[in-house]
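The values are calculated or read from the model by the stated rules, or taken from the named source; none is laboratory data. Fair warning: this is a prediction, and the values are worked out from it, not measured in the lab. Here Cβ is always computed from backbone atoms with ideal geometry, including for glycine, and neighbour counts include all displayed protein chains. Areas reflect the complete protein model, heavy atoms only, side chains present, ligands, DNA and RNA absent. Shrake-Rupley method; radii C 1.70, N 1.55, O 1.52, S 1.80 Å.
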Amino acid sequence: MEKQYDPSIVEDRWYAHWMERNYFRADENSSKQKYSIVIPPPNVTGVLHMGHALNNTLQDILIRHKRMKGFEVMWMPGTDHAGIATQNVVERRLAKENKNRHSLGRETFLKEVWKWKEEYHATITNQLKKLGSSCDWSRERFTMDEGLSLAVRKVFVQLYNEGLIYKGKYIINWCPRCQTALSDEEAEHKEIGSKLYHLRYPYADGSGYVVVATTRPETMLGDAAVAVNPADERYKALKQKKIRLPLANREIPFIEDNFVDREFGTGAVKVTPAHDPNDFGMGQRHNLEPIAVMDETAHMSGDIPEKYKGMDRFACRKALTEDLIALDLVEKIEEHTHSVGHCYRCHTVVEPYYSDQWFVRMKPLAEPALKAAVNDEVRFYPARWKKTYIDWMENIRDWCISRQIWWGHRIPVWYCGCGEIIVSEETPAACPKCLSSKLEQDNDVLDTWFSSWLWPFSTMGWPQENDFMKKFYPTDALATAPEILFFWVARMIMAGYHFTGKLPFTDVILHGTVRDKSGRKMSKSLGNSIDPLEIIPVYGADALRFSMFMITAQGADVFLGKDTFDIGRNFANKLWNASRFLISNIAEPISFDTLPPKERLKAEDSWILSKLQHAARAMDESISSFRFNEACHTIYDFAWREFCDWYLEAKKADFYQQDDLVRRNDALSLCGYALASILKLLHPIMPFITEEIWSHLRSKMSFENLLNSESIMLASYPEYDESLVNESIENKFDLLKNCITALRTIRAENNVPPDKTGTAVIIPADSESGQWLASQSAAISQFAKLSGITVDENARKPGFAGTAVVRGNQIFFSLEGLIDKNVEIERLTKEANRLKGLVESTKKRLESENFVSRAPADVIEKEREKYQGLLVNLEKTGKALSNLMNE
RNA sequence: GGGCGUUUAGCUCAGUUGGUAUAGAGCACCUGCCUUACAAGCAGGUGGUCGUAGGUUCGAAUCCUACAACGCCCACCA
């Protein structure tokens with residue numbers, strides 16, 4: 001074994017080995033209880049980033065943990081075609097060659113996108129493997145593969161037949177750059193500093209004007225009315241008047257509508273039914289014809305003055321405002337911040353656009369999905385997301401699912417010249433009504449999420465009945481970022497209930513966003529992202545995985561810097577060296593069936609076995625409740641602070657016992673047992689190094705029921721064993737460690753060099769402590785580098801010595817000429833003051849009538865014991881201090 | 001406008017149901033060590049009135065109220 005652990009050699013080798021052995025393969029015929037997860041399919045738009053690393057590591061931890069716990073696990077991998085996003089990146093690539101999708105034509109363009117898909121799909125798959133993801137690659141799916149496309153068509157037809165899909169002309173969010181409709185969720189609202197224009201609209205009879213306020217003056221060309229609140233007295237007289245719309249030079253009426261807020265602006269609002277969702281509503285209530293004045297690229301068009309035709313909407317805003325100013329029709333322009341929708345893919349300002357689109361009626365689908373959350377059948381981690389989910393479900397609106405792009409599932413609707421509309425899973429040969437074969441399929445494709453929402457079951461072969469789905473559906477956990485709670489999670493739950501009658505998963509784990517050290521979201525455009533593939537060769541996937549979860553509390557954002565991964569790398573290296581040390585001490589391969597019998601266990605053995613039980617339980621609980629940072633801390637502390645710092649150090653002496661082979665083998669086997677347990681506990685988080693060490697350990701040691709698994713992946717996860725818990729030994733060890741630390745502190749504070757040994761005297765507080773510490777005098781000598789130690793209640797204090805009091809036990813360290821009296825006086829004074837403070841506060845509490853009469857008896861008892869102990873320590877420390885000063 | 005989250009050491013953050021003599025890590029910093037597992041390491045140390053103000057309680061970082069700062073989500077007042 002090398003002196004430094006090098007993950008780059010090890011990791012790829014083990015992944016290939018696991019693949020070769022088919023360890024990731026899920027067996028639908030297994031009799032074991034199943035545990036299944038479907039991957040949130042990464043978009044094929046590009047390479048994976050740290051957010052994916054976080055997301056997939058989380059799932060891998062769960063999968064590996066459950067696999068070791070004896071479940072038949074299935075982790076379904078796959079990718080998403082990501083309609084608009086992928087089409088955009090491919091169009092951008094084409095633009096560099098001065099081509100565009102229209103010049104290529106639909107078919108050729110789609111071929112280009114498929115090429116892109118293949119390329120990035122390969123990269124993504126490779127990245128997931130580098131991370132160690134133990135998904136069942138034999139099941140891999142893509143949202144546009146044949147089976148999933150079939151599921152999409154089936155769902156569309158079913159919903160249509162159920163009356164839950166309809167087509168209609170409405171105001172929708174339109175991205176003028178992508179030139180497609182968007183759903184409400186795809187329009188991201190951002191606060192924007194803007195202007196509020198107060199425009200004068202003259203009455204048709206020339207008797208004056210009314211002032212209306214708008215943030216988008218260019219839409220005035222499409223105005224169909226001016227509306228006021230019916231209760232607004234100010235405008236009562238204007239009811240009969242008409243407005244002469246400036247520039248457009250049309251007459252428009254006054255209308256009254258309760259929607260209008262009397263308090264805002266002037267209380268009069270221009271109504272543009274074709275370009276504003278509220279105005280559209282008013283238009284419908286008052287039979288106003290929507291007048292479209294923009295085309296699909298948000299350039300001015302339609303029946304408007306020549307001058308503005310073809311102008312970009314923002315250019316027009318400027319030009320038109322200037323013209324109105326020239327006509328003295330602008331009362332004032334105010335600064336105004338408001339929230340404006342942006343395309344979630346290209347960040348262009350969304351235009352409300354009047355057009356013919358397909359929608360899903362959501363209310364009926366939401367009912368069971370809402371109930372599931374209210375009843376806690378589906379659980380959210382952290383739990384606070386439940387409320388967010390419920391709010392959204394309660395206020396759900398219809399879902400616009402048609403997209404005017406080419407990359408995606410084509411809408412399975414055909415139109416016949418006779419007016420017939422055919423909605424069908426299969427391409428119809430002829431119109432059922434007029435028998436014409438001249439049918440035209442709807443040009444639009446479906447929203448990407450219309451395939452994603454079926455993911456948990458479409459990937460399993462639905463709608464075909466099959467054993468695989470029977471075994472693994474519904475799944476168990478779903479891990480994702482909160483950003484797509486509505487886009488995806490909520491809709492999957494709705495689809496799950498509607499099409500399979502089942503909740504598709506029970507635990508929804510919402511993890512945070514990956515950010516840089518200054519809190520900015522990591523993104524390609526900001527140039528602040530860290531590429532997992534650059535980290536892995538240097539630090540290792542294990543280090544990447546461990547570091548990320550070590551520093552991240554459940555649901556909290558992850559802040560990554562270039563030094564973040566040191567934690568995991570250092571930990572891996574520590575583990576490597578401890579293992580190397582142990583394994584190198586095994587000269588001849590040793591074999592044993594069980595742990596040494598109880599009577600052969602030494603104190604430190606019982607102690608580490610007891611501590612191991614706590615660690616095992618904590619790991620299990622932390623992972624099962626998705627608190628991965630806790631799991632990392634638990635294993636880090638156990639492996640490093642307890643196993644390496646104390647246990648292995650304590651066992652060293654026994655390793656060199658060439659003349660007592662029983663003792664030597666006990667020491668090696670117990671260390672091997674503890675190490676193997678650590679490896680198993682850690683494996684879900686750091687799969688590679690644990691497998692590597694596991695194989696080294698197995699080459700030197702065989703242990704029935706412990707190391708019998710060829711791969712650690714398939715070994716059983718350590719179980720909490722109460723019979724090995726030993727609180728009294730843990731207590732004694734705390735005392736021992738505190739005594740050793742006290743001696744070390746004296747040495748360090750007095751700058752005693754490590755190569756100078758000294759002698760110690762311990763005057764124990766009682767005979768029990770005395771016996772225990774005396775039995776550990778060899779260990780104390782070793783850890784504190786002593787040449788001699790006396791533990792005796794009747795021992796005499798050494799003349800001049802460094803002093804400490806631990807739980808009433810007086811500890812003296814003496815080394816001629818190396819203990820600095822002033823240092824010691826300072827230390828002891830500080831200690832005495834600290835104790836005085838504690839004695840005071842404890843005394844106060846115990847003298848308080850309220851405390852003594854109201855606190856539970858055990859708390860009072862504990863407080864009394866604490867007080868007695870403090871008094872003893874204070875007294876002895878004080879005495880040591882005065883002795884020192886008098887010497 | 002509604003809702004949620006965060007505020008703890010110089011920095012980044014843990015702290016599960018209120019109670020373990022001293023509120024924990026990592027990094028940074030200081031001191032001493034290349035002690036034959038590990039300098040990516042070892043031993044020791046400095047550093048915190050737990051955002052502010054009240055309240056509940058025998059007891060509050062933890063529960064309640066108000067306030068402040070920052071962040072996020074949702075929302076059809078142009």
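A few comments on the model shown:
- Scanning segment A:202-237 for residues that are part of a helix (DSSP H, G or I) and either among the hydrophobic types (A, V, I, L, M, F, W, C) or under 17 Å from A:Asp323 (Cα atoms) (or both) returns A:Pro217, A:Glu218, A:Thr219, A:Met220, A:Leu221, A:Gly222, A:Ala237.
- Taking segment A:205-218 as the range and being touching a Lys or Arg at 6+ places or on another chain (Cβ under 8 Å) and open to solvent by less than 40 Å² (accessible area, probe 1.4 Å) as the test, the residues that pass are A:Val210, A:Val211, A:Val212, A:Thr214, A:Thr215, A:Pro217, A:Glu218.
- Restricting attention to segment A:265-290, the residues that are touching a strand residue (DSSP E or B) at 6+ places or on another chain (Cβ under 9 Å) and in a loop (DSSP other than H, G, I, E, B) add up to 11.
- Test result for A:Leu199, aliphatic (A, V, I, L, M) and part of a loop (DSSP other than H, G, I, E, B): no
- Single match in A:Ile763, A:Ile740, A:Ile729, A:Ile780 (criterion: more than 23 Å from A:Lys876 (Cα to Cα) and either within 16 Å of RNA strand B (Cβ to nearest atom) or touching a Ser or Thr at 6+ places or on another chain (Cβ under 9 Å) (or both)): A:Ile729
For every residue, the table says whether it meets (1) in contact (Cβ under 8 Å) with a residue 40 or more places away in the chain; (2) over 33 Å from the mean Cα position of the chain (by Cα); (3) within 15 Å of RNA strand B (Cβ to nearest atom).
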{"position": "A:Ser606", "(1), (2), (3)": "yes, yes, no"}
{"position": "A:Lys611", "(1), (2), (3)": "yes, no, yes"}
{"position": "A:Ala616", "(1), (2), (3)": "yes, no, no"}
{"position": "A:Glu630", "(1), (2), (3)": "no, no, yes"}
{"position": "A:Cys644", "(1), (2), (3)": "yes, no, yes"}
{"position": "A:Gly672", "(1), (2), (3)": "yes, yes, yes"}
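- Residue in segment A:151-168 that is surrounded by the most Cβ atoms within 10 Å (Cβ to Cβ), counting only those that are of a type in the set (D, E, K, R) and part of a helix (DSSP H, G or I): A:Arg153
- Some residue of segment A:630-644 being closer than 14 Å to A:Glu730 by Cβ and buried (at least 20 other Cβ atoms within 10 Å of the Cβ): yes
- Residue check: A:Ile712 meets all listed conditions (1) out of contact with any Pro (no Cβ under 9 Å at 6 or more places or on another chain); (2) away from RNA strand B (no atom under 11 Å from the Cβ) but one, namely (1).
- Matching residues, segment A:225-261, being open to solvent by 60 Å² or more (accessible area, probe 1.4 Å), within 19 Å of A:Arg285 (Cα to Cα) and within 13 Å of RNA strand B (Cβ to nearest atom): A:Asn258, A:Phe259, A:Asp261
- Exactly one residue among A:Glu588, A:Glu599, A:Glu621 is open to solvent by 40 Å² or more (accessible area, probe 1.4 Å) and under 30 Å from A:Phe565 (Cα atoms), and that residue is A:Glu621.
- Filter result for A:Arg345 (surrounded by 21 or more Cβ atoms within 10 Å (Cβ to Cβ) and of a type in the set (Lys, Arg)): yes
- A:Ser591 meets each of the listed conditions (1) near RNA strand B (Cβ under 8 Å from one of its atoms); (2) of a type in the set (S, T, N, Q); (3) over 27 Å from A:Thr480 (Cβ atoms) apart from (1).
- Selection of segment A:77-91 for residues being among the aliphatic types (A, V, I, L, M) and either in a helix (DSSP H, G or I) or free of Cβ contacts under 8 Å to residues at least 40 places away in the same chain (or both) yields A:Ile84, A:Ala85, A:Val89, A:Val90.
- Meets criteria (under 30 Å from A:Ser8 (Cα atoms) and of a type outside the set (A, V, I, L, M)) for A:Gln554: yes
- Long-range neighbours under 8 Å by Cβ, at least six apart or interchain, first residue of a type in the set (A, V, I, L, M) within segment A:379-395, second more than 7 Å from RNA strand B (Cβ to nearest atom): A:Ile390/A:Leu370; A:Ile390/A:Ala373; A:Ile390/A:Val374; A:Met393/A:Ala366; A:Met393/A:Ala369; A:Met393/A:Leu370; A:Met393/A:Ala373; A:Met393/A:Ala490
- The single residue among A:Arg13, A:Arg67, A:Arg25 that is out of contact with any strand residue (DSSP E or B) (no Cβ under 8 Å at 6 or more places or on another chain), open to solvent by 10 Å² or more (accessible area, probe 1.4 Å) and either farther than 22 Å from A:Met460 by Cα or assigned to a helix (DSSP H, G or I) (or both) turns out to be A:Arg13.
- Within segment A:310-338, residues that are open to solvent by 40 Å² or more (accessible area, probe 1.4 Å) sit with their Cβ atoms under 6 Å from residues that are of a type in the set (Phe, Trp, Tyr), at 6+ positions apart or across chains, in these pairs: A:Ile333/A:Tyr197.
- Selection status of A:Ala383, within 16 Å of RNA strand B (Cβ to nearest atom) and modelled with pLDDT under 95: yes
- Considering segment A:820-832, and only residues there that are in contact (Cβ under 8 Å) with a residue 12 or more places away in the chain and away from RNA strand B (no atom under 14 Å from the Cβ), the residue that is most open to solvent (accessible area, probe 1.4 Å) turns out to be A:Lys821.
- Check on A:Tyr203, within 21 Å of A:Glu289 (Cα to Cα), more than 9 Å from RNA strand B (Cβ to nearest atom), touching a residue at least 24 places away in the same chain (Cβ under 8 Å) and among the hydroxyl-bearing types (Ser, Thr, Tyr): yes
- Odd one out for A:Ile712 among (1) free of Cβ contacts under 8 Å to residues at least 12 places away in the same chain; (2) under 30 Å from A:Ile689 (Cα atoms); (3) of a type in the set (A, V, I, L, M, F, W, C): (1)
- Elements of type strands (runs of 3 or more DSSP E) in segment A:507-564, at least 1 residues being within 9 Å of RNA strand B (Cβ to nearest atom) and touching a residue at least 40 places away in the same chain (Cβ under 8 Å): A:514-516, A:558-560
- Counted residues, segment A:436-458 - those being open to solvent by 30 Å² or more (accessible area, probe 1.4 Å) and assigned to a loop (DSSP other than H, G, I, E, B): 4
- Among residues of segment A:374-390, those that are open to solvent by 70 Å² or more (accessible area, probe 1.4 Å), not in a loop (DSSP other than H, G, I, E, B) and not β-branched (Val, Ile, Thr), counted: 2
- Where helices (runs of 4 or more DSSP H) sit wholly within segment A:579-658, those with at least 2 residues that are within 19 Å of A:Ala779 (Cα to Cα) and charged (D, E, K, R) occupy A:603-624, A:649-655.
- Applying the condition of being among the basic types (Lys, Arg) and open to solvent by 70 Å² or more (accessible area, probe 1.4 Å) to segment A:83-136 and asking which residue is farthest from A:Pro684 (Cα to Cα) yields A:Lys99.
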